[in-house]
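The values are calculated or read from the model by the stated rules, or taken from the named source; none is laboratory data. Because the structure is a prediction, the values reported are computed rather than measured. Cβ coordinates were reconstructed from backbone atoms using ideal geometry, including for glycine residues, and neighbour counts include every protein chain displayed. Surface accessibility is based on the protein's heavy atoms, side chains included, excluding ligands, DNA and RNA. Shrake-Rupley method; radii C 1.70, N 1.55, O 1.52, S 1.80 Å.
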Amino acid sequence: MNIIELKKINKYFGAGSNQVHVLKNVDLSIEKGDFVAIIGQSGSGKSTMMNIIGCLDVPTSGSYKINGVEVGKMNKDQLAELRCKTFGFIFQRYNLLTSLKASENAALPAVYLGLNTEERNQRAVELLKQLELGNKLDNKPNELSGGQQQRVSIARALMNGGEIILADEPTGALDSKSGEMVMEIIKRLHHQGHTIILVTHDAKIAAQASRIIEIKDGEIVSDTRKSNEFYEVTDTLKPVKRSKIDALKYSFLESFGMSVHAIVSNKMRSLLTMLGIIIGIASVVSVVALGNASQAKIMEQINSMGTNTIDIMPGKSFGDMRSGKVKTLKVSDSDYLAKQGFIDNSTPSVSASGTLVFGNYSLTAQLKGVGEEFFEVKGRKIAQGRIFTKQEVQTASSVVVIDDNTLKEIFADNPNPIGEIIIFNKKPLKVIGVTEKNSSQGPDSDSMNIWVPYTTAMYKINGSTDINSITVKVADNVNSQVAEESIENILTALHGTKDFFMINSDSIKQTVESATNTMKLLIASIAVISLIVGGIGVMNIMLVSVTERTKEIGIRMAIGAQQADILQQFLIEAILICLVGGFMGVFLSMIIGFCFNTFSEDFGMIFSTASIVLALVCSTAIGIIFGYMPAKNASNLNPIDALASE
């Protein structure tokens, strides 16, 4: 029974005036279990014929059938499946993967057949032991002699059964003793039922076959049968059956393992590929962390002015030269606003500048008369003592709360000034509390500030019922913009005209947040550019990697890898490089943040989980986007062209 049938096979290389007619109307039939030697001089077309028989190349015209099935109608994946299940290749130069051990090289075809790890490793070990390589299982090709490498190649050819063994000059690179050993193995394989097609230019090697076909200038010039020895195959493998989901899972895990192996085997190249991603991710995460820190610092300063508060000032706006002369704000305005449902509390404010005296100290200070709610509204916390009470406000008590700056200036020798009497503009005031240090960089952060009940400031210090401003705290469930409009309407109605302006802390906060977010977006966008540059670097190096590994791709295709297998392996490799680079970039940014926060006392980087996750997602996306083109190029390579690459 014919296992191979070629009819009118023609093969051309080149085009136009450079076109070469390599095979010319070749007709050839080979029976199952035969041992055929194709002999001819270099350039005669024998290797081209073997490549066409092995489905590594396609004829320009003619018909080629295996077991009665027309090969010319098969697509690339069907041809790969045919190579995987039917053929075993023994190459002159062995074509072993240098990064794999002998057992791994022998087992490689079974990966594409679908055998699990345990089964294929067990079979590989058995085959290598039969070929007297049981003590070389863990050796890589560069640790083996030429004869040993060729025997590993033979084990690989038999891994999936090797119904048809194609041997291209199998002894051409060996010494005579190793060559004889290889030929003995090939003859033994023939006796085991394998159909052997051997290509050689050595008549002595060809003489050991059952049938000798001589080819010259692309034509068969003689076909001589020496014996009619045909054998049945004794070593067969059952086809592996899996559901679609299991098959996808198996394919992914195998590609993942091969990708990891490729990355680990080429550490320096992988690290250089990752470098752009590492720098890009570290830049993005660090920039966002710095932006978060800047925003938090600014928000802290704004919050020190009071959260959700509105300050009502006399005059028309900032810079109004007449604002100091406008005295229309009254305590009654504050009391009236305090009764509104949308306001939590309202406190009038009276200010005065003067000389503060204590013991031998005499210096200038700012006094502010406020209500008992002021400290809560403005977020000022008490470090020592207490704030004044509502009753003390109503009775205009001579009590005072001082700030941290005042404590340091006049009570340097007395860290607990509670109960002490200080003199402001010749009026005695009893210290009842000290506020915590003001961390904001506002106008009051370095000056000395003291607070008394506003009634005390009006009646005992200023001698006037005029107030300088009103501070209201808007209820938490009320929109501050709506509250501002309502206050404006109320006070305009009370005064008959709008002789005041308002400072809404929430509006300032929103404006600053918007500005800082815009700045963060701008800076992050610049950092993203470095990510894109890193992605282009990944693509370029992966393209170079495909070029460097063209021979490897050809070997994998020859032993049964389909386009999807090659595409998946290189794509996963690119994604892994970018993902690992992403994690390394995040780690680098954490180191930068740690160093920055260690040496910076008042300003620290704040890392965002969202930015880290987004950065890792971006690195994965870059691996997919920029890794696809090299992976696609690898999967589209022609097996015979890839194998010919050096």
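Being under 15 Å from the mean Cα position of the chain (by Cα), in contact (Cβ under 8 Å) with a residue 60 or more places away in the chain and open to solvent by 40 Å² or more (accessible area, probe 1.4 Å) is the filter here, so list the residues in region 238-280 that pass it.
Residues satisfying the conditions are Leu275, Ile279.
Look through Phe607, Phe583, Phe596, Phe603 and report the one residue that is more than 26 Å from Phe256 (Cβ to Cβ), free of Cβ contacts under 8 Å to residues at least 60 places away in the same chain and in contact with a helix residue (DSSP H, G or I) (Cβ under 9 Å, 6 or more places away or on another chain).
Residue meeting the stated conditions: Phe596.
For region 90-99, name all the residues that are in contact with a helix residue (DSSP H, G or I) (Cβ under 7 Å, 6 or more places away or on another chain) and open to solvent by 10 Å² or more (accessible area, probe 1.4 Å).
Answer for region 90-99, where residues must be in contact with a helix residue (DSSP H, G or I) (Cβ under 7 Å, 6 or more places away or on another chain) and open to solvent by 10 Å² or more (accessible area, probe 1.4 Å): Phe91, Tyr94, Asn95, Leu96, Leu97, Thr98, Ser99.
Only residues in region 397-410 that are under 14 Å from Leu356 (Cβ atoms) count as the first member; pair them with residues that are open to solvent by less than 30 Å² (accessible area, probe 1.4 Å) and among the hydroxyl-bearing types (Ser, Thr, Tyr), Cβ under 6 angstrom, at least 6 apart or cross-chain, and list the lot.
So the pair list comes out as Asp403/Thr435.
Gln562 - would you say it is in contact (Cβ under 8 Å) with a residue 12 or more places away in the chain and within 18 Å of the chain's Cα centre (by Cα)?
no
Can we say Ile508 is of a type in the set (A, V, I, L, M, F, W, C), closer than 30 Å to Cys618 by Cβ and at pLDDT below 85?
no
On the given criteria, is Val233 over 18 Å from Ala37 (Cβ atoms) and in contact with a His (Cβ under 7 Å, 6 or more places away or on another chain)?
Considered against the rule, which asks whether it is over 18 Å from Ala37 (Cβ atoms) and in contact with a His (Cβ under 7 Å, 6 or more places away or on another chain), Val233 comes out as yes.
Determine if region 109-116 includes at least one residue that is at pLDDT below 90, buried (at least 21 other Cβ atoms within 10 Å of the Cβ) and among the hydroxyl-bearing types (Ser, Thr, Tyr).
Yes, some residue in region 109-116 is at pLDDT below 90, buried (at least 21 other Cβ atoms within 10 Å of the Cβ) and among the hydroxyl-bearing types (Ser, Thr, Tyr).
Is there any pair with a first residue in region 530-559 that is in contact (Cβ under 8 Å) with a residue 24 or more places away in the chain and a second that is of a type in the set (Asp, Glu) and buried (at least 17 other Cβ atoms within 10 Å of the Cβ) whose Cβ atoms are under 9 Å apart and which are 6 or more apart or on different chains, and what are they?
Partner pairs satisfying both residue conditions: Met542/Glu573; Ser545/Glu573; Arg556/Asp565; Met557/Asp565.
So which residues in region 458-492 are more than 25 Å from Ser353 (Cβ to Cβ) and of a type in the set (D, E, K, R), if there are any at all?
Passing the criteria: Lys473, Asp476, Glu484, Glu485, Glu488.
In region 373-431, which residue that is among the aromatic types (Phe, Trp, Tyr) and at pLDDT 90 or above is nearest to Ser346 (Cα to Cα)?
Phe388
Of all residues in region 589-625, how many are open to solvent by less than 80 Å² (accessible area, probe 1.4 Å), among the β-branched types (Val, Ile, Thr) and touching a Gly at 6+ places or on another chain (Cβ under 8 Å)?
Residues in region 589-625 being open to solvent by less than 80 Å² (accessible area, probe 1.4 Å), among the β-branched types (Val, Ile, Thr) and touching a Gly at 6+ places or on another chain (Cβ under 8 Å): 2 in total.
Collect the residues in region 17-46 that are over 16 Å from Val221 (Cα atoms), surrounded by 20 or more Cβ atoms within 10 Å (Cβ to Cβ) and not aromatic (Phe, Trp, Tyr), keeping them in residue-number order.
Ile30, Gly33, Asp34
On the basis of being on the phi > 0 side of the Ramachandran plot and in contact (Cβ under 8 Å) with a residue 60 or more places away in the chain, does Asn25 make the cut?
Considered against the rule, which asks whether it is on the phi > 0 side of the Ramachandran plot and in contact (Cβ under 8 Å) with a residue 60 or more places away in the chain, Asn25 comes out as yes.
If I go through region 356-413 residue by residue, how many of them are open to solvent by 40 Å² or more (accessible area, probe 1.4 Å), more than 24 Å from Ile312 (Cα to Cα), aliphatic (A, V, I, L, M) and under 57 Å from the mean Cα position of the chain (by Cα)?
Number satisfying all stated conditions: 3.
When you scan region 330-345, how many residues do you find that are at pLDDT 85 or above and either touching a helix residue (DSSP H, G or I) at 6+ places or on another chain (Cβ under 8 Å) or hydrophobic (A, V, I, L, M, F, W, C) (or both)?
Residues flagged as at pLDDT 85 or above and either touching a helix residue (DSSP H, G or I) at 6+ places or on another chain (Cβ under 8 Å) or hydrophobic (A, V, I, L, M, F, W, C) (or both) within region 330-345 amount to 8.
Quick check on this structure: which one of Met584, Met629, Met557 is open to solvent by 40 Å² or more (accessible area, probe 1.4 Å), part of a helix (DSSP H, G or I) and modelled with pLDDT of 85 or more?
Testing whether each residue is open to solvent by 40 Å² or more (accessible area, probe 1.4 Å), part of a helix (DSSP H, G or I) and modelled with pLDDT of 85 or more leaves just Met584.
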